[in-house]
Amino acid sequence: MKKIIASFTLPLNLLLVACCFLVFSGFTVIGHRGDPINAPEETFQSFDDAFAEGANYAELDLRESKDGTLVISHDSNLKRISGQNISISKTDFAQLQQVQQSNGEPIHSLDELFAHYQNQPQTHFVLETKKSKKNKPLDMEAKVAALVQQYHMENRVMVQSFSAASIVSFSQLLPTVPRYLIANELSDIDFDTLQVMTGVDLDNTLLTPAFLQQMHTLGKQVFVWSDIDEQASALADISLDDVDGIVTNYSHLASEYAQAKHGTTLTPLTATKATVSTTHTVASVTNPYLTQTPGKVLQAQRAYSLNSLVTAAKTDYAALDQQRWVNTDYLNFGSDALLAAPYLNGTVQLRPRLNQAPLVASPDQPQQIVGHLATGTTATITAVKLVAGRPWFELNQQGWLPAERTLITLATGEPQLDYQQLLPVARLANLKLPNFADYLPTTQTLPISRLQQGLAAPTISYLQAQFNPQNN
């Protein structure tokens, strides 16, 4: 049934439909048959649980009984959910109502659903029509439209179907209700259907960045879905593609994702490298919005190529690939890495006349205090971050402090050589160094042997240098 298609290009005549670009805001969380993890699927309990977990909509499937009633059921036969071998299309609804699910609820009709939730305006539903290859039953869309209008649900429902004919029919019967074509293959989307659909609900294995971009260019939304046996870990991968919504068994995780993503900006990066300016490995996550799943660690003082940047109110993340997003506190871009390198693994104390200084969670969150550096205490610099040219030090991997509040002792060896090779205006002030007076005037790289000789019996002195915070 499923086919993974690596790429998709819309023909030119489809692109001509894009007379304007529609910007869709928000991220729509749709509970797949309600909440099938914690309640029998497509029951009132299942729908209620999905809404309680943050779902914007609950998705349900519609079939017709023998006597023409719109019945809520995914399967054409009730054996899987009830153990009874009963075909919906061959059974009158009165008999179907005698069948109970494991929570005691009967099989419901769409009429009963609307009556039950009529006075709960916060509840919304995605109605999926189940049709045969010959588009039967032919009157299903008209019956759905009649009930939607009877209960004044036009602003509380969306419709979807694998049947393109069903979508076209709804465009005439319910022109103000959003309509989505469910696609098993990208070739299911044709020119006529594209003109009348609000968007596409796509098997997540078919989604490609090119297809997503083309749909958005055409002003069409893209939802994604996976099977009923979807794993929670899959949500982290699916949600990364900047889709407009997701049909999921895990409404609570998708809702967390939607809240975390709100107000963020995703920026593609081209030919961008950054250096991990730390003395320790740095953890990554597989999703910058759902950070529970760890990715592969990044190595200290190593340069990586980046492809995307997520800017958020609290923490910014950069992507190395689809499985590794890293907190940008530990990254320095371009020449900032050269300015940060000399101070790694050095030690600091507070400058004179400072009793203590707060350590904060991040240079971007200076209001969140996580500890303090007391007078006379020596701490190791475990990471350096330049923010608009201003250096911040991570101390003992416990918190961050602006460099200008410290008195710095460089680590011996390469860090001192790195410092010497910086331009004078880029060197920090209040630096505590061994005496380099013999060779500071030179602009050539010192031989390692001479550097080792100079450090054999160092004489402590203080080197005052001007530092321009705007220098980058």
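The values are calculated or read from the model by the stated rules, or taken from the named source; none is laboratory data. From a predicted model like this one, the values you see are computed outputs, not experimental measurements. Methodologically, a virtual Cβ is constructed for each residue, glycine included, from the backbone with ideal geometry; neighbour enumeration extends over all protein chains shown.
State whether one or more residues within segment 231-242 are modelled with pLDDT of 90 or more and either part of a loop (DSSP other than H, G, I, E, B) or over 20 Å from R33 (Cβ atoms) (or both).
no
This table checks each residue for (1) farther than 18 Å from V425 by Cα; (2) in contact with a strand residue (DSSP E or B) (Cβ under 6 Å, 6 or more places away or on another chain); (3) aliphatic (A, V, I, L, M); (4) at pLDDT 95 or above.
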| position | (1), (2), (3), (4) |
| --- | --- |
| H372 | yes, yes, no, yes |
| G376 | yes, no, no, no |
| T380 | yes, yes, no, yes |
| G389 | no, no, no, no |
| E394 | yes, yes, no, yes |
| Q398 | yes, yes, no, yes |
| A403 | no, yes, yes, yes |
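Between Q397, Q367, which is assigned to a strand (DSSP E or B) and out of contact with any Leu (no Cβ under 6 Å at 6 or more places or on another chain)?
Within the list Q397, Q367, the selection yields Q367.
For every residue, the table says whether it meets (1) at pLDDT 85 or above; (2) crowded, with 21+ Cβ neighbours inside 10 Å; (3) of a type in the set (S, T, N, Q); (4) outside the structural domain of S251 (by TED's automatic domain parsing).
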site: D192; (1), (2), (3), (4): yes, no, no, no
site: P209; (1), (2), (3), (4): no, no, no, no
site: M215; (1), (2), (3), (4): yes, yes, no, no
site: F223; (1), (2), (3), (4): yes, yes, no, no
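Going through segment 325-343 one residue at a time, which ones are farther than 30 Å from P424 by Cα and surrounded by fewer than 21 Cβ atoms within 10 Å (Cβ to Cβ)?
N327
If you check S132 against the conditions, is it small (G, A, S) and touching a residue at least 40 places away in the same chain (Cβ under 8 Å)?
Taking the combined requirement at face value, the residue does not satisfy it.
For I228, which of the numbered conditions (1) at pLDDT 70 or above; (2) more than 19 Å from the chain's Cα centre (by Cα) fails to hold?
It fails just one condition, (1).
Go through A374, A426, A388, A383 for me and flag whichever is surrounded by fewer than 18 Cβ atoms within 10 Å (Cβ to Cβ), under 19 Å from T275 (Cα atoms) and not assigned by TED's automatic domain parsing to the domain that holds T286.
From the options A374, A426, A388, A383, the qualifying one is A388.
Can you give me the number of residues within segment 47-72 that are among the polar types (S, T, N, Q) and within 32 Å of the chain's Cα centre (by Cα)?
1
Give the residues of segment 138-163 that are touching a strand residue (DSSP E or B) at 6+ places or on another chain (Cβ under 6 Å), buried (at least 19 other Cβ atoms within 10 Å of the Cβ) and not in a helix (DSSP H, G or I), sorted by residue number.
Within segment 138-163, V157, M158, V159, Q160, S161 meet the criteria.
Could you count how many residues in segment 49-65 are farther than 19 Å from N135 by Cβ and in contact (Cβ under 8 Å) with a residue 12 or more places away in the chain?
Residues meeting the conditions: 11.
Only residues that are buried (at least 20 other Cβ atoms within 10 Å of the Cβ) and under 18 Å from G26 (Cβ atoms): list them for segment 178-190, please.
Result: Y180, single match.
Looking at segment 100-137, which of the residues that are closer than 19 Å to I86 by Cα and of a type in the set (G, A, S) is surrounded by the most Cβ atoms within 10 Å (Cβ to Cβ)?
Among those that are closer than 19 Å to I86 by Cα and of a type in the set (G, A, S), it is S109.
To keep it simple, each residue is scored yes or no on (1) within 21 Å of D203 (Cβ to Cβ); (2) among the acidic types (D, E); (3) not assigned by TED's automatic domain parsing to the domain that holds T28.
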position: T91; (1), (2), (3): no, no, no
position: L96; (1), (2), (3): no, no, no
position: D111; (1), (2), (3): no, yes, no
position: Q118; (1), (2), (3): no, no, no
position: D139; (1), (2), (3): no, yes, no
position: Y151; (1), (2), (3): no, no, no
position: S161; (1), (2), (3): yes, no, no
position: L173; (1), (2), (3): no, no, no
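Any idea how many residues of segment 74-90 are in a loop (DSSP other than H, G, I, E, B) and either on the phi < 0 side of the Ramachandran plot or among the basic types (K, R) (or both)?
7
Considering only residues that are touching a strand residue (DSSP E or B) at 6+ places or on another chain (Cβ under 8 Å) and aromatic (F, W, Y), look in segment 40-91 and name the one that is nearest to L127 (Cα to Cα).
Y57
Is there any pair linking a residue in segment 66-79 that is under 19 Å from V159 (Cα atoms) to one that is of a type in the set (K, R) and assigned to a loop (DSSP other than H, G, I, E, B), with Cβ under 7 Å and at least six apart or on different chains, and which?
H74/R33
Of these, P352, P342, which one is outside the structural domain of Q292 (by TED's automatic domain parsing) and in a helix (DSSP H, G or I)?
P342
Could you check segment 280-334 for strands (runs of 3 or more DSSP E) lying wholly inside it with 2 or more residues that are in contact (Cβ under 8 Å) with a residue 40 or more places away in the chain and not aliphatic (A, V, I, L, M)?
303-311, 324-327, 331-333
Going residue by residue through segment 46-69, is there one that turns out to be surrounded by fewer than 21 Cβ atoms within 10 Å (Cβ to Cβ), out of contact with any helix residue (DSSP H, G or I) (no Cβ under 9 Å at 6 or more places or on another chain) and outside any helix (DSSP H, G or I)?
yes
Mind checking which residues of segment 111-130 are under 20 Å from I88 (Cβ atoms) and under 34 Å from the mean Cα position of the chain (by Cα)?
L113, F114, F125, V126, L127, E128, T129, K130
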